[in-house]
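The structure appears below as C-alpha cells.
The values are calculated or read from the model by the stated rules, or taken from the named source; none is laboratory data. Computed from a prediction, not measured in an experiment: that's the story for all the values here. A quick note on method: Cβ atoms are made from the backbone with ideal geometry, for glycine too, and the neighbour counts reach across all protein chains shown. Only protein heavy atoms, including side chains, enter the accessible area calculation; ligands, DNA and RNA are left aside. Shrake-Rupley method; radii C 1.70, N 1.55, O 1.52, S 1.80 Å.
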Amino acid sequence: MTVNAAVKWLKRNLFSSWWNGALTLLVLYIVWSAIPPFLDWAIVHAVWSGEGREACLGPGKGACWPFIFANLDQFAYGRYPAELRWRVDLAFLLGLAGLVPMLIPRVPAKLWNLGYLVVAWPMIAIVLIAGDRPGLVGVDTDLWGGLLVTLIVAITGIVASFPLGILLALGRRSEMPVIRTLSIVFIEFWRGVPLVTVLFMASVMLPLFLPQGVHLDNLLRCLVGVALFSSAYMAEVVRGGLQAVPRGQYEAARALGLSYWQTMGLIVLPQALRSVIPGIVNTFIGLFKDTTLVLIVGLFDFLGQVRIQLSDMHWSTPQGAATGYVFAALVYWVFCFGMSRYSVFMEKRLNAGQIR
Amino acid sequence: MADTKKPIIAIEHVDKWFDDFHVLKDVNLSVAEGERIVIAGPSGSGKSTLIRCINRLEAHDKGRIAVDGIELTEDLKRIDEVRREVGMVFQQFNLFPHMTVLENCTLAPIWVRKQPKEEAEATAMRFLERVRIPEQASKYPGQLSGGQQQRVAIARALCMNPKIMLFDEPTSALDPEMIKEVLDVMVGLAHDGMTMICVTHEMGFAREVADRVVFMDQGEIVEEAPPTEFFTAPKSERTKAFLAQILRG
C-alpha cells in the first residue's frame, strides 16, 4: 500500500512526462556528482585536529579545519589587542541585549528599545571599542579587523540608510521643487557610481580636499560612504512602497486634519514599508555582503582577515585556501539567511492580522 | 440663533483648471449653517472637484472660498484649521487598512485634537453605535462589507465633531443592497441639523432631506432650487435632460 503510494507520488511529481523524467534524471546526476565529493572533502577526508601545516599535508587529505579553529580570534577581532577584546565582546552582548527583544514582537516598549538600539547603544559601543575616553586604553582603528569590522560597517550602513532612505524617498515625492530636485540628484548620484569608486574616493580623494590638520579616520570615511551609498538604494525601495499606497489614504488622512508628517508617519509609511519588506531586507543583505569591498581600501573585514591568515606560512597548505573560503562563505550565509528568515516571519505575522 | 443665515461656506467666482481642462467655471455657492445641499450632475461635471476644493484636497485657481470665516489660501495652518471642522466621506471609503475600526475613529481626535485616548475611544464608541456597528470595533476594515466600511468612514469623520460634512458619492461604490444602510445613517445625520453637502445620484435622498439641489454640468452650476421645484419644474433644458435620464421609468 505505502509502496504503491510512493510509486504514485514519484510518477506524479517526478516522472509525469518523458521530459520531466529526463529533467529529474539530469538533476539527480548533477546532485550526485557535486554533493558526495564535497562532503567527502569537507567531512570524511577532512583534517579535524592537529597543530600547524604538517597536520593537513599529505595526499588525499580534505579540508584543513584546524586552520580555522586556530585562527577564530583573528577572524573575529583582527589585530585588536587580545587583552582588550572583552570590550568588543561586551559591546556585542549589549547590542544583542537590545536586538533580541526588538525582534520578538511580543516584547513591549518597542520605541524605547529602538531608541536604545539606534542612539544609546552605538555610542556605548564606539566608546567601548575605540576606547578614546579617559580611563580606557585607546585602540586605533588600524588594529580593528575581522568580523568586528564587517559588523561595524554593515550595522552602520543599515542603521543610517533606513531613516536616510525614507527621508530621501519622501523628498523625491515632495511637492516642493527644491527638495525634490535635491533628493533626485542625491539618489541618482550615489546609485550611478560603483561602491568601489565611493570607497576609493572616501579613502584617497577626500583627504586631499580636507583642510590641513584635519584628519578623518579611514574607517569613518568608509562608513560615511557606505551609509550614503546604501541610503540611495533604500530610498528607491521605499519609494516603490510609497507608490503602492493608494492616493485615497493620503487624502483621507489630510481631510481629517492630520499634518504632513502625521500622515506619512501614521498612515502612509506603515503601509508602504510593510509592502516592501522583501526589498528592504534584500538591500540589507546586499549591503552586508558589499562590506567585503572595504578590503580594497586597506580595511580588513572578515573576508580580508581570512585572506591574511591564509598567507600565514605556519598554515600554508594546498587545502588551506579552499577551507578558508568555504568557512567565510558559511559565515556570510548564516548572517544573510538569518535576515531572510526573519523577514519571512515578519511578513507572515503582518499579513495574518489584516486582510485587505 | 440670530445669525443662522450667515453662510458657513462661501464660494465666490471660483475657477479651476486641470492643465487645459476648465473643470470649474465661475462657480458661486453659499451654504448656510444647518443647510443640506445635494449636488447632482453627469460625471465629469466638476461636482467632486467642487467639494474637494472646500477642504482643499484640490486648490482653486481663481476666486474665493471661505469656510466658517476662514479663507482658504496657500496658508497650511488655515487649511488644517478648516480640515478639522470639515468631515469628509469618500466614494472608496478610504479607511486605514492597517488599523482597527476603533483606531480609525480615534486616530484624528488623539493626534489632531489631542484628546486623551480614553475620551477618544468613548466618543468613537458612541458614534459607532450611532452608525449601528459598535460590535465591529476591534475588526480591521478588510473584514467588513462595503456598507459597513462606509458607515465606519462616516463615524470616523463625526469623531472629529465637524461643523460640516462633505459626502463625495458615498454610495456609488456599494452593492445595491448596502446603499440603504448608508443612506439611513445620512438621513439621520441630516435630521440632527448637520450642515451637509452631498454629491450623489440618490435622488430619493435629495427629495427627502435636501434644502437645495444644485445641478452642475460642464463645470458650471446650471440650476439650484429646492427639491420639489427642482424635480417638478426644472428650468434649464440640461437639467430636464439629466433628470429624464436619471429618473427613467
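Given H placed 1.01 Å from N in the peptide plane, which residues other than close sequence neighbours of B:VAL222 have an amide H under 5 Å from its amide H?
Answer set, sorted by chain and number: B:PHE215, B:MET216, B:ASP217.
Which residue, B:ALA66, B:VAL101, B:THR49, has the largest displacement toward the positive end of the dipole of segment B:1-116 when charges sit on each Cβ (Lys, Arg +1; Asp, Glu -1)?
In segment B:1-116, that residue is B:VAL101.
Against the longest alpha carbon principal axis of chain B, how many degrees, from 0 to 90 and to the nearest 10, is the axis of helix B:101-111 turned?
Value to nearest ten degrees: 80.
How large is ³J(HN,Hα) for each residue in segment B:129-145, as worked out from phi by the Karplus curve 6.51 cos²θ - 1.76 cosθ + 1.60 (θ = phi - 60°), to whole Hz, x for Gly and Pro?
Rounded to whole hertz, the list is 5, 5, 8, 6, 9, x, 6, 9, 4, 9, 8, 8, x, x, 8, 9, 6.
Over what distance in Å are the Cα centres of segment B:6-25 and segment A:186-218 separated?
If we compute the Cα centre of each part, the gap is 53 Å.
Could you run the Karplus curve 6.51 cos²θ - 1.76 cosθ + 1.60 with θ = phi - 60° over segment A:40-46 and give me ³J(HN,Hα) per residue in whole Hz, x for Gly and Pro?
3J(HN,Hα) across segment A:40-46, in whole Hz: 4, 5, 7, 10, 4, 9, 6.
With contacts defined as alpha carbon pairs under 8 Å and 6 or more residues apart, what's the relative contact order of segment A:282-351 in percent?
Worked out over segment A:282-351, it gives 29 percent.
Give me the one-decimal nm value for the distance between modelled label points at A:MET313 and A:LYS348, 7 Å along each residue's Cα-to-Cβ direction.
Roughly 5.4 nm, to one decimal.
List the relative contact order of chain A as a percent without decimals, with contacts defined as Cα pairs under 8 Å and 6+ residues apart.
Dividing the mean separation by the residue count of chain A yields 20 percent.
For segment A:184-191, just list the computed ³J(HN,Hα) in residue order, Karplus coefficients 6.51, -1.76 and 1.60, θ = phi - 60°, integers in Hz, with x standing in for Gly and Pro.
Along segment A:184-191, the couplings run 4, 4, 4, 4, 5, 5, 6, 6 Hz.
For A:HIS215, B:HIS60, B:HIS13, give me the order by solvent-accessible area with a 1.4 Å probe, most accessible first, ignoring ligands, DNA and RNA.
Largest accessible area first, the residues go A:HIS215, B:HIS13, B:HIS60.
Can you show me the helix-derived [θ] at 222 nm for chain B, built from DSSP H runs with n ≥ 4 at -39,500 (n - 2.57) apiece and divided by the number of residues, rounded to the nearest 500.
-11500 deg cm²/dmol
Label segment B:96-172 by shape, choosing from rounded, prolate and oblate, from the square roots a ≥ b ≥ c of the eigenvalues of the Cα gyration tensor; if a/c is under 1.5 it is rounded, and otherwise prolate applies when a/b is larger than b/c, oblate when it is not.
Verdict is oblate for segment B:96-172.
Provide the FRET efficiency to the nearest 0.05 for the B:VAL187-A:ALA97 pair, computing r from the beta carbons and using R0 = 60 Å.
Result of the calculation: an efficiency of 0.50.
Counting only residues 5 or more places away or on other chains, whose amide H sits under 5 Å from the amide H of B:VAL23 once H atoms are built in the peptide plane?
When sequence neighbours closer than 5 places are left aside, the close amide H contacts are B:LYS16, B:TRP17, B:PHE18.
Using Cα atoms only, what is the angle between the long axis of helix B:176-191 and the major principal axis of chain B, expressed in degrees (0 to 90) to the nearest 10?
The angle comes out at about 90 degrees.
Cut-off 20 Å, label point 7 angstrom out along Cα-to-Cβ of B:GLU118: give me the residues of segment B:156-183 whose amide nitrogen falls inside.
Taking a point 7 Å out along Cα→Cβ of B:GLU118, no residue of segment B:156-183 has its backbone N under 20 Å.
Which one of A:ALA253, A:ALA125, A:ALA91 has the biggest mean-square fluctuation once chain A is modelled by GNM with Cα springs under 10 Å?
In the Gaussian network model the winner is A:ALA253.
Tally Lys and Arg at +1 and Asp and Glu at -1 over the other residues with C-beta under 13 Å from the C-beta of A:ASN282: what net charge comes out?
Within the 13 Å Cβ shell, the charges total -2.
With +1 on each Lys and Arg Cβ and -1 on each Asp and Glu Cβ, how big is the dipole of segment A:196-296 about its Cα centre, in debye rounded to the nearest 20?
With Lys and Arg at +1 and Asp and Glu at -1, about 220 debye.
Considering only C-alpha atoms, what is the centroid distance from segment A:279-348 to segment A:130-170, in Å?
17
Treating only the Cβ atoms of Lys and Arg (+1) and Asp and Glu (-1) as charged, compute the dipole magnitude of segment B:1-131 about its Cα centre; round to the nearest 20 debye.
So the dipole magnitude of segment B:1-131 works out to roughly 220 debye.
So for chain B, averaging the separation of alpha carbon pairs under 8 Å that are six or more residues apart and normalising by length, what relative contact order in percent results?
25
May I ask which residue of A:LEU256, A:ILE187, A:LEU148 lies farthest towards the positive end of the charge dipole of the protein assembly as shown, with charges of +1 (Lys, Arg) and -1 (Asp, Glu) on Cβ and the Cα centre as origin?
So the residue furthest toward the plus end is A:LEU148.
Take peptides B:231-239, A:169-177 and line them up by average Cβ neighbours within 10 Å, highest first, as a rough protection proxy.
Result, highest mean Cβ count within 10 Å first: A:169-177, B:231-239.
Amide H of B:THR195: which non-local residues (sequence gap of 5 or more, or other chain) have their own amide H closer than 5 Å, using H built in the peptide plane?
B:GLY34, B:MET165
Can you give the FRET efficiency to the nearest 0.05 for A:ASN13 and B:ASP19, using r as the Cβ-Cβ distance and R₀ = 45 Å?
For R0 = 45 Å, the calculated efficiency reads 0.20.
Could you please tell me the mean projected area of the C-alpha convex hull for the protein assembly as shown, averaged over all directions and given in square nanometres to one decimal?
43.1
All other residues with a Cβ under 14 Å from the Cβ of A:ASN218 taken together, and with Lys, Arg as +1 and Asp, Glu as -1, what is their net charge?
Cβ neighbours under 14 Å give a net charge of -3.
Might you report the magnitude of the Cβ-based charge dipole of chain A about its Cα centre, with Lys and Arg at +1 and Asp and Glu at -1, to the nearest 20 debye?
1580
Are there any trypsin sites (Lys or Arg not before Pro) in segment B:93-163 that are in a DSSP loop and have at most 13 other Cβ atoms within 10 Å? List them by number.
Passing sites in segment B:93-163 are B:LYS114.
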